[in-house]
1. Set the Förster radius R0 to 25 Å, insert the Cβ-Cβ distance between A:R219 and A:F295 as r into 1/(1 + (r/R0)^6), and round the FRET efficiency to 0.05.
2. Once you average over the residues of A:455-461, how many Cβ atoms of partner chains fall within 10 Å of each Cβ?
3. Just to verify a number: what accessible area does A:W442 come out at with the full protein assembly present, 1.4 Å probe, Å² rounded to tens?
4. Using a 1.4 angstrom probe on protein heavy atoms only, which residues from the range A:202-216 are buried by at least 10 Å² of accessible area when all chains are present rather than their own chain alone?
5. Using a Cα-Cα cut-off of under 22 Å, which lysines could be cross-linked to A:K506, ignoring same-chain neighbours fewer than 8 residues away?
6. What size of dipole, in debye to the nearest 20, comes out for the range A:199-358 about its Cα centre when the only charges are +1 on Lys and Arg C-beta atoms and -1 on Asp and Glu C-beta atoms?
7. Using a 1.4 Å probe and counting only protein heavy atoms, arrange A:K391, A:K277, A:K381 so the residue with the most accessible area comes first.
8. Which whole-angstrom value gives the distance between the alpha carbon centres of the range A:297-356 and the range A:491-509?
Amino acid sequence: MDDPLRIGAGIVDYLLIFVYFAVVLLIGVAARRRVSSSLDFLLSGRSLPAWITGLAFISANLGAVEIIGMSANGAEYGMPTMHYYWIGAIPAMLFLGVVMMPFYYGSKVRSVPEFMRRRFGPGAHLVNAISFALAQILIAGINLFLLATVVNGLLGWPLWVALLLAAAIVLSYITLGGLSAAIYNEVLQFFVIVAALLPLTLIGLHRVGGVDGLIDKVRTSVGGGAEQLNSWPGNELAGFGNSVLSVVGIVFGLGFVLSFGYWTTNFVEVQRAMATKSMSAARSTPIIASFPKMFIPFIVVIPGMIAGVLVPEVMRLKAGDQAAGITYNDSILLLIRDVLPTGLLGIALTGLLAAFMAGMAANISAFNTVFSYDLWQQYVKKGRSDGYYLKVGRWATVGATGLAIGTAFIAAGYGNLMTYLQTLFGFFNAPLFATFILGIFWKRMTATAGWVGLVSGTLGAVTVWLLNEVGVFSLPGQGAAFVAAGAAFVVDITVSVLVSLMTPPKPASELGGLVLSETPRQQRTDPAASRLPWYRAPVKLAGISLVLVTALNVIFR
Amino acid sequence: MTDERAATGGEHAGPRRAGAFDVRVFIAGLIGFYGIVLIIMGLVVDSASDRAKTGDVNANLWAGIGMVVIAVAFAVSVRLRPVVIE
């Protein structure tokens, strides 16, 4: 039987893909000539301008899970998917830039776990560094696996060939150029993805008869309906029957806890901002990123919705046909197959391959920083020369790629196991945010409270998830994840406060740069900030972004 | 390898131009190349089956023109505002 995903790519398509990878390797070689210290390799020597790190900030997250997952949600749920961007990502990114970044950048830490160590000592640091490092290997493996399945499905290459080739390319450009190469490629990849997805969206819209045609077709389609055209209240997405609960779940669970937890404490993202040259540039990174980010759903979610009313297989799936032979995850690939001619097809495939590889590269470059600075330098070999840690960073990259290949093969064998593990690692994010916030604003919070809060918050989330799995209560859709995140947050805060009141606090002299009340204003702000024009002033930009995203929420309610 | 690094390390002392390593050079080059290939595809191979996929639009040609315009814009910005690394 013919694989429905097999896309007939022509020789021109292969040429376009090949040229992209040649350029990627060229960037690795060019970046290598500039790498002279471990800080260069691991944090780009803190020298990049904010618009570059801003685009890299988006690209680091725009991997396989995002493009495939969000277009799948678009096909299945329609407009409520927009919440992941307009309620989830954007406010969290602005919060990172305005509130959190002064502490990350101002305290001169080199990673998020290092901030944990300075604020709470080794207990919380180990919990954070190890869980983060493990999660990165796991996610890199999943990215690699998805990448290989797409190559296998589209081009017919055997899975293991695609796997090893992709891993080899990622490995060579990171070991050569370190974070600079990863970031430069992410910026390049951002433009390739837009060049791929924008024509796809426009041609798709043309095929369904423009915006009006799409609206009509979604409203009248089987499995569609008018509620898929409005982002609120999003009952289907959250899995709550009650609209009020659904709105509360989305705003507090998805928006406040899950997204704030992800965007403000995930070192993969924060690392991009740390690679800038000044406090203002670091704060601007997520804020500049928020502008393109709020429009990305138009070229990711909308194609999913178009696939839901244009691609025959996806229409059958939406109508409830279990034998459609595909899943929602295939939506965007099928749309590419159906609407793009040779030429644009090659660019679309390049964009997808680039996105998957950049996702993996981001995980690995964050992993090698945490591994060399937080685990190796801190607990295994202290006080060696900088060149030594540069070498450790390079070897960590090789090791991480090897482990990711292993994880990818496991994922190929046990699909469900990987989904569960990924959910489990998701549990670490929500309590991390609670611990950070409390730690930054409350100087009384103690070292013991740091790690006890983290562990009990994580257990809280796991408990809620287990209760839902065994059926004590049942939330279809994404509701269980929202409630689990909310529980983790509340448990973490409660336990941290109680433990803090019973254990001795750290002396105030050790909290400079780490806690709001103990940090002099000069250290939190850029001395040159008042002389910057408005388009470089982080807080003013954040205000503009907030107004825009509110407008989007109102227009598409 | 070590001696070469030592040599480039000396440059870190003063400001320098990013030059060819400016990421905009790579963007302009790659997107421009894609644009030109697509324009050629649009002019030379514009088959009926392609037209059926796109809903009777010469998608390659239009997308190619768009990409060339973006590429030129990046190339111009590299000339006008070079990146200086301190």
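1. On the way: r = 24 Å, r/R0 = 0.96.
Computed FRET efficiency for A:R219 and A:F295 comes out at 0.55.
2. Values: counts 0, 0, 0, 0, 0, 0, 0.
Rounded to a whole number, the mean comes out at 0.
3. 70
4. A:I203, A:H206, A:R207
5. A:K108, A:K443
6. Using only the charged Cβ atoms, the result is roughly 460 debye.
7. Working: A:K391 130, A:K277 105, A:K381 80 Å².
If we order A:K391, A:K277, A:K381 from most to least accessible, we get A:K391, A:K277, A:K381.
8. Distance between centres, Cα-based: 50 Å.
The values are calculated or read from the model by the stated rules, or taken from the named source; none is laboratory data. On a predicted model such as this, the values are computed, not experimentally measured, just so you know. Note: ideal-geometry Cβ built from the backbone for every residue, glycine included; neighbour counts use all protein chains shown. Calculation scope for accessible area: heavy atoms of the full protein, side chains included, ligands and nucleic acids excluded. Shrake-Rupley method; radii C 1.70, N 1.55, O 1.52, S 1.80 Å.
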